[in-house]
1. Suppose all protein chains stay in the model; what accessible area per residue would a 1.4 Å probe give for the chain, in Å²?
2. Quick one: which of LYS327/LYS446; LYS88/LYS327; LYS19/LYS450; LYS19/LYS388; LYS88/LYS401 span more than 28 angstrom between C-alpha atoms?
3. In nm, give the distance between the simple-model label positions of ALA444 and VAL127, each being 7 Å from the Cα along the Cα-to-Cβ direction.
4. Within the accessible area of the stretch 42-107, what % is carbon and sulfur when the probe is 1.4 Å and the other protein chains stay in place?
5. Report VAL211's accessible area, 1.4 Å probe, all protein chains in place, as a number in Å² to the nearest 10.
6. Could you state how much accessible area LEU416 has, in square angstrom rounded to the nearest 10, with a 1.4 Å probe and all protein chains kept in place?
7. Largest first, how would VAL51, VAL412, VAL336 line up by accessible area (1.4 Å probe)?
8. Rounded to the nearest 0.05, what FRET efficiency is calculated for ARG281 and ARG241 with R0 set to 60 Å and r the Cβ-Cβ distance?
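The values are calculated or read from the model by the stated rules, or taken from the named source; none is laboratory data. A quick note: this is a predicted structure, and the numbers were derived from the prediction, not measured. Every residue, glycine as well, gets a Cβ built from its backbone with ideal geometry; the counts of neighbours run over all protein chains shown. Please note that ligands, DNA and RNA were not included when accessible areas were found on the heavy atoms of the full protein model with its side chains. Shrake-Rupley method; radii C 1.70, N 1.55, O 1.52, S 1.80 Å.
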Amino acid sequence: MTMKSTAERPSTSLGHSMKPRQLTMMGLGSAIGAGLFLGSGAGVQAAGPAVLISYLVAGTLIILVMWALGEMAAANPNSGAFSVYAEKAMGRTAGATVGWLWWLQLVVVIAAEALGAAGLLFTVWPVIPVWVLSLVFMALFTAINLAGVNNFGEFEFWFAILKVAAILMFLGIGTALLLGLLPDAPSPGLGNITGNFAPAGLGGIATALFVVIFAFGGTEIVSVAAAETENPRHSVAQAIRTVLWRILVFYIGSVFVIAAVLPATSASLASPFAGVLDAARIPGAGTAITLVAVVALLSALNANLYGASRMIYSLAQREEAPRFLSKLNKARVPMVAVGVSVAFGFIAAVLELLFPEQILPALFQLVGSTCLMVWGSALVSQLILRRKADREGTELPLRMKGFPGLTIFGLVLLALIFAVGFSSPESSRQLVSTIILVAAIAAACKIGAKVTASRQGSEASWLPPK
């Protein structure tokens with residue numbers, strides 16, 4: 001795979017001090033956030049216990065995408081990751097479109113994580129308004145991201161450790177409740193799952209599928225962060241192996257417990273982890289898990305702000321975004337890119353003041369299907385670049401097994417998700433909106449490239465001959 005990017009590391013490049021354990025936990029940190037602690041309840045409401053099908057389908061797809069990304073990231077660790085790979089495989093416009101789409105997705109997610117964390121904290125500490133808490137969170141994590149990748153990575157590592165421990169505790173208590181091992185809490189058994197498995201039918205599963213895809217979105221940040229690790233080739237392989245099985249266990253295990261304990265009509269699904277622990281009648285457990293959920297959302301905000309800033313930095317390096325966005329501070333952090341990436345989060349906090357409890361649901365709707373476009377581009381890029389590498393006899397440090405069968409299977413699965421999505425009015429609107437957005441970004445990138453080329457040609461015509 002001839003994977004050297006058009007954006008080689010310059011002399012004033014990003015830092016490379018992130019450790020493998022930090023990279024692994026970042027993958028967990030970006031994926032275990034609002035999608036699990038809040039979105040899982042929305043998924044159960046939409047599809048009932050059949051949401052487990054949505055998780056299995058989306059989980060299979062993200063495994064294939066991460067294997068494909070791992071192969072490309074090990075061969076060419078770059079902060080632009082799948083945007084750079086799409087450029088090499090399908091051309092400059094494709095690469096820029098994927099990069100801008102992912103950046104916009106993360107900008108929205110950052111705002112959602114801040115508002116979600118503020119809303120949860122307000123339920124147990126109703127002192128400071130949600131919009132003010134959101135502003136505080138945005139300011140705090142902007143400062144953390146500007147402090148340097150090593151400090152950021154260590155912060156994210158311990159954040160992720162805390163929420164992983166909390167999820168394991170939740171799974172243990174939930175299992176004990178279902179088995180009837182808690183003396184003061186009657187077991188609900190599996191009646192909620194076996195009684196009415198798919199109350200909303202295929203449409204409910206389709207609607208839940210896009211909630212689930214949003215939940216898994218962000219896992220691909222591992223391929224972005226690989227560019228700032230000490231040993232990218234080793235770190236990427238280790239992180240992908242570890243992150244994938246942990247995410248699947250945590251997500252599917254947690255959702256199974258939630259669907260078994262809480263009916264699809266339960267009001268407790270607004271905060272499903274706390275609802276399960278309240279059903280287990282453990283004093284203070286619901287409040288404790290709510291606080292952990294706040295930490296989880298802030299951890300995801302932290303990781304996604306990192307990913308968004310690195311993507312737009314890469315775009316600027318490749319002249320697909322304004323050049324000033326590639327400016328680094330003394331800690332070798334793209335400070336302007338961080339500021340631009342976090343700006344919408346501050347705006348969303350102000351909008352929460354004007355339109356209370358309306359902004360977070362709207363944000364969730366915006367990013368449901370953008371993940372599919374990014375994942376699809378990663379699979380197509382790997383299919384093209386791997387075949388090119390095999391033709392040229394290029395040795396790869398990490399090879400995706402089952403190629404090309406598994407890559408093609410991932411693309412078929414993606415096509416089926418789109419087909420199922422169009423069967424539901426709600427998810428169909430999301431898909432159509434995303435397709436229009438992608439087309440608009442592609443057109444803007446194409447026009448921008450022509451303007452840049454024209455300007456460069458005009459400047460070159462004034463240069464004296466060599």
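1. Details: 18030 Å² over 466 residues.
Computed with neighbouring chains in place, this is 39 Å² per residue.
2. With Cα atoms farther than 28 Å apart: LYS19/LYS450; LYS19/LYS388.
3. 4.1
4. Numbers: 910 of 1350 Å².
Taking all protein chains in place, the stretch 42-107 shows 67 percent carbon and sulfur surface.
5. Estimated to the nearest 10 Å², VAL211 gives 40 Å².
6. Roughly 100 Å² of LEU416 is accessible to a 1.4 Å probe.
7. Working: VAL51 0, VAL412 75, VAL336 40 Å².
Of VAL51, VAL412, VAL336, the descending order of accessible area is VAL412, VAL336, VAL51.
8. On the way: r = 38 Å, r/R0 = 0.64.
Using R0 = 60 Å, I get an efficiency of 0.95.
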